[in-house]
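The values are calculated or read from the model by the stated rules, or taken from the named source; none is laboratory data. Small disclaimer: the values here were computed from a predicted structure and weren't measured. Please note: Cβ atoms are built from the backbone with ideal geometry, for glycine as well, and neighbour counts cover all protein chains shown. In case anyone asks, the SASA skips ligands and DNA or RNA and just uses the protein heavy atoms, side chains included. Shrake-Rupley method; radii C 1.70, N 1.55, O 1.52, S 1.80 Å.
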Amino acid sequence: MSTDSYHTAPDRLAPPPPGCPVHGSWSPLSDEYLADPYPIAAKLREDHPVFYAAEMGHVVVTRMADIEAVFMDPHTYASSNVQDPIFPLASGAAEVLSASDYDPQAVMSNRAEPDHGRIRVHTRGGFSVRRLRTLEDYMRSRATELIDEMLAGPKPADYVKAVAFPLPAEIVFRFIGFPPEDDLMLKSWCVNRKAFAWGKPTPAEQTHMAEGMLAYWRYCRDFVAERHRNRTDDFCSELLDAHDADPDPEGGTGLTYREVESIIYGISFAGHDPVTNLLCNTLRCLLPRRDQWDALCGDPSLIPTAVEETLRFDSSQVAWRRVTTRDTELGGVQLPKGTRVFLNFAAANREPCAFADTDSFDVNDYDFNRPDPHRHISFGKGIHFCLGANLARMEARIALEILTQRAPSLRLPPQDYWSFPNITFRGPEELCLDWD
């Protein structure tokens with residue numbers, strides 16, 4: 001999960017590095033790949049662990065060891081491009097975002113050191129044990145309400161609409177301090193940001209999305225200004241307290257006011273959309289495997305492992321990006337400075353040398369086949385490891401605990417799954433559930 005805003009887009013797709021294998025047709029936005037990326041990603045990994053994808057102008061990295069090496073060397077592989085649109089920006093959208101008051105700063109996932117470390121201290125503090133425990137009480141109560149409403153209603157029910165979309169959004173909005181009456185408006189803006197940065201919208205669609213992003217930024221600025229006047233017990237107030245204690249962090253440890261605005265703008269998206277996918281993907285993995293679903297119903301202690309296995313087997317985030325800051329070598333390929341790098345989690349999370357019996361989903365066999373259920377790369381690694389990882393795990397665990405207790409007969413009726421076309425996040429836009 002990322003926490004920053006869009007900044008710039010490339011004017012054109014970069015050429016392949018000299019000597020790098022080239023794949024002329026593969027795209028993470030193809031219908032076949034969006035439907036099921038894993039067999040295609042495995043073939044890509046077997047053919048060329050590092051290759052240039054002509055369709056998107058990126059060097060693609062597929063092996064776990066190489067991806068981990070990228071994450072652990074932020075000085076060579078910068079995160080400055082992670083929020084940028086994958087394709088060149090349309091003129092209409094660029095004009096909208098040239099507004100004089102649209103100026104979010106890079107604050108976390110695309111901020112370089114030493115500022116990244118300074119800012120992360122404060123954002124990490126927001127995910128303290130105390131605040132997570134407070135959120136857990138609200139999370140369990142709200143999840144129970146939403147699930148009970150779904151089970152009391154007509155069936156089959158759409159789990160996305162009933163639970164998986166509203167729950168993570170409401171949790172992160174309450175974490176920040178946004179008022180509940182603004183939830184629907186905020187959710188619509190967040191959907192637009194996903195399409196804008198990681199999809200391939202038409203110029204007209206991109207311009208419309210940019211208008212939503214500008215409105216979203218202005219909302220966040222107004223909200224921070226209100227919290228600056230009237231503090232409460234929320235994450236935004238904590239950031240503003242840090243700003244007041246050290247408003248000019250040049251050489252210090254505090255936060256600028258604009259950094260506070262930018263953190264709120266970014267984290268209000270990052271904290272929920274990938275979690276919606278995770279909530280759905282756990283059920284897509286478990287319900288067709290009745291023995292494993294039944295095992296969770298009988299033994300809730302298996303639920304945390306089921307969440308980790310889902311993150312590995314059918315991750316809610318299947319790719320991320322970097323750009324080289326200097327000439328370097330990766331996987332036997334020379335990468336010039338400025339090379340855009342696409343980290344293919346779908347390939348790495350099912351790599352045979354990283355996991356035994358890699359194409360099977362099994363929550364019962366971890367002690368023997370997969371002794372470390374956290375070995376997957378779905379939350380990143382190193383200094384940019386996802387701040388919200390424990391929150392996401394908690395939400396998925398609580399949802400599964402309630403569902404296994406209240407609806408052990410839950411099942412997936414026949415249906416076609418459709419994921420929003422984008423390069424990074426993967427989960428169904430609709431998930432029909434039935435029960436006895």
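In summary, Pro336 fulfils each of the numbered conditions (1) modelled with pLDDT of 95 or more; (2) closer than 29 Å to Phe173 by Cβ with the single exception of condition (2).
Might you let me know whether region 36-52 holds any residue that is touching a Phe, Trp or Tyr at 6+ places or on another chain (Cβ under 8 Å) and among the aromatic types (Phe, Trp, Tyr)? Taking every residue of region 36-52 in turn, none turns out to be touching a Phe, Trp or Tyr at 6+ places or on another chain (Cβ under 8 Å) and among the aromatic types (Phe, Trp, Tyr). For region 212-242, the set of residues classified as touching a Phe, Trp or Tyr at 6+ places or on another chain (Cβ under 9 Å), open to solvent by 40 Å² or more (accessible area, probe 1.4 Å) and charged (D, E, K, R) consists of Arg218, Arg221, listed by residue number.
Would you say Leu167 is in contact with a Lys or Arg (Cβ under 9 Å, 6 or more places away or on another chain) and at negative phi? Judged against the criteria, Leu167 is a match.
Being open to solvent by 50 Å² or more (accessible area, probe 1.4 Å), assigned to a loop (DSSP other than H, G, I, E, B) and closer than 30 Å to Ile147 by Cα: is that true of Pro414 here? Yes, satisfied.
Tally the residues that are surrounded by 19 or more Cβ atoms within 10 Å (Cβ to Cβ) and assigned to a helix (DSSP H, G or I), restricting the search to region 168-186. Selection size over region 168-186: 10.
Quick check: is even one residue across region 366-377 open to solvent by 10 Å² or more (accessible area, probe 1.4 Å), at pLDDT 90 or above, not in a helix (DSSP H, G or I) and not aromatic (Phe, Trp, Tyr)? Yes, region 366-377 contains a residue that is open to solvent by 10 Å² or more (accessible area, probe 1.4 Å), at pLDDT 90 or above, not in a helix (DSSP H, G or I) and not aromatic (Phe, Trp, Tyr). Candidates in region 319-354 are the residues that are in contact (Cβ under 8 Å) with a residue 24 or more places away in the chain and of a type in the set (Lys, Arg); of these, the one that is farthest from Ile402 (Cα to Cα) is Arg326. Of all residue pairs spaced 6 or more apart or on separate chains, none has beta-carbon atoms under 8 Å together with a first member in region 126-139 that is under 16 Å from Leu239 (Cα atoms) and a second member that is of a type in the set (Ser, Thr, Tyr) and not in a helix (DSSP H, G or I).
Condition check for Asp73 on (1) within 23 Å of Ala319 (Cα to Cα); (2) part of a helix (DSSP H, G or I); (3) modelled with pLDDT of 90 or more; (4) open to solvent by 10 Å² or more (accessible area, probe 1.4 Å): one failure, at (2). If you filter region 195-245 down to residues that are among the hydroxyl-bearing types (Ser, Thr, Tyr) and assigned to a helix (DSSP H, G or I), you find that the one that is nearest to the chain's Cα centre (by Cα) is Tyr216. Is it the case that some residue within region 302-318 is of a type outside the set (Ser, Thr, Tyr), without any contact (Cβ under 8 Å) to a residue 40 or more places away in the chain and open to solvent by 10 Å² or more (accessible area, probe 1.4 Å)? No: zero hits. Only a single criterion out of (1) open to solvent by 20 Å² or more (accessible area, probe 1.4 Å); (2) more than 14 Å from Pro428 (Cα to Cα) is not satisfied by Arg284, namely (2).
A Cβ distance below 7 Å, combined with a sequence gap of six or more or placement on separate chains, defines the contacts here; from region 140-159, residues that are among the β-branched types (Val, Ile, Thr) reach residues that are modelled with pLDDT of 95 or more and surrounded by 12 or more Cβ atoms within 10 Å (Cβ to Cβ) in the pairs Thr144/Ile402; Ile147/Val163; Ile147/Ile402; Ile147/Leu403; Ile147/Arg406. Considering only region 417-436, state which residues are of a type in the set (Phe, Trp, Tyr) and either open to solvent by 70 Å² or more (accessible area, probe 1.4 Å) or part of a loop (DSSP other than H, G, I, E, B) (or both). The answer is Tyr417, Trp418, Phe420, Trp435.
The residue of region 197-211 that is surrounded by the fewest Cβ atoms within 10 Å (Cβ to Cβ), among those that are more than 11 Å from Pro88 (Cα to Cα) and touching a Pro at 6+ places or on another chain (Cβ under 7 Å), is Gly199. As a summary of the residue check, Gly57 satisfies the conditions (1) of a type outside the set (Ser, Thr, Tyr); (2) surrounded by fewer than 18 Cβ atoms within 10 Å (Cβ to Cβ); (3) in contact with a Lys or Arg (Cβ under 7 Å, 6 or more places away or on another chain) except for the one numbered (2).
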